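Step one of this worksheet: look at the structure below.
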Amino acid sequence: METSTVAWDGWHILAVEGEFVVKYLAKVREHLEEFAKQSTAKVAFDLTKTTYIDSSAITLMLNYQKRLRAQNGNIVVFGASEDAKSIFSIVGLDNSITVFDTREQFEQAVKM
C-alpha cells in the first residue's frame, strides 16, 4: 500500500493506493494523527486506487471520524469501488461518513 497527501481548500486529501488493510494501518494512522493535531481537521480519503479494504480500515476511519467530529473536523470518502461502497452500506459506514462517487462531487459539495 502507498499513501500520499495533498492539501486542498482546507482539507487533507489522503490517497490510499493498493490494499487498505490491517498490516498497513500504521502508515495511515500516522497521517491521521498529524491531521488530528489541528483544531478543525478535515480529511478526505481518496480511494480511487484502493484495490481492497478490510474491516480494520473501516473501523479506523469510523474511530477517527468520531475523534475529528469532537474537534469540529470531519472525514469523507470519495472514489471507492462499487464493492467497497456496498460494504460501507452493509456495515453502516455511509451513515457516519459521507461517501462521494468522485473527487469532483466531493469538491462541489464542500464548496457549497
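Details
- Among the candidates Lys27, Lys23, Lys42, residue that is under 13 Å from Trp11 (Cα atoms) and among the basic types (Lys, Arg): Lys42
- Selection of the stretch 1-10 for residues being loosely packed, with under 13 Cβ neighbours inside 10 Å and either touching a Leu at 6+ places or on another chain (Cβ under 6 Å) or farther than 17 Å from Ala109 by Cβ (or both) yields Glu2, Ser4, Val6, Ala7.
Let's see how each residue does on (1) modelled with pLDDT of 95 or more; (2) closer than 22 Å to Ala36 by Cα; (3) surrounded by fewer than 19 Cβ atoms within 10 Å (Cβ to Cβ):
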site	(1), (2), (3)
Gln71	no, yes, yes
Ala80	yes, no, no
Asp83	no, no, yes
Ile87	no, no, yes
Ile90	no, no, yes
Ser96	no, yes, yes
Glu104	yes, no, yes
Glu107	yes, yes, yes
Val110	no, yes, yes
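- Pick from the stretch 11-51, criterion under 11 Å from the mean Cα position of the chain (by Cα) and small (Gly, Ala, Ser), ranking: surrounded by the fewest Cβ atoms within 10 Å (Cβ to Cβ): Ala15
- Residue list for the stretch 67-97, filter: more than 19 Å from Lys49 (Cβ to Cβ) and either touching a Cys at 6+ places or on another chain (Cβ under 8 Å) or free of Cβ contacts under 8 Å to residues at least 24 places away in the same chain (or both): Arg69, Ala70, Ser89, Ile90, Gly92, Asp94, Asn95
- Taking residues in the stretch 1-30 that are on the phi > 0 side of the Ramachandran plot, and partners anywhere that are among the acidic types (Asp, Glu) and exposed (fewer than 12 other Cβ atoms within 10 Å of the Cβ), the pairs with Cβ atoms closer than 9 Å and at least 6 places apart or on different chains are Gly18/Glu2.
The values are calculated or read from the model by the stated rules, or taken from the named source; none is laboratory data. Treat the numbers as computed from the prediction; the structure is a model and nothing was measured. Note that each Cβ is placed from the backbone with ideal geometry, even for glycine, and that neighbours are counted across all protein chains shown.
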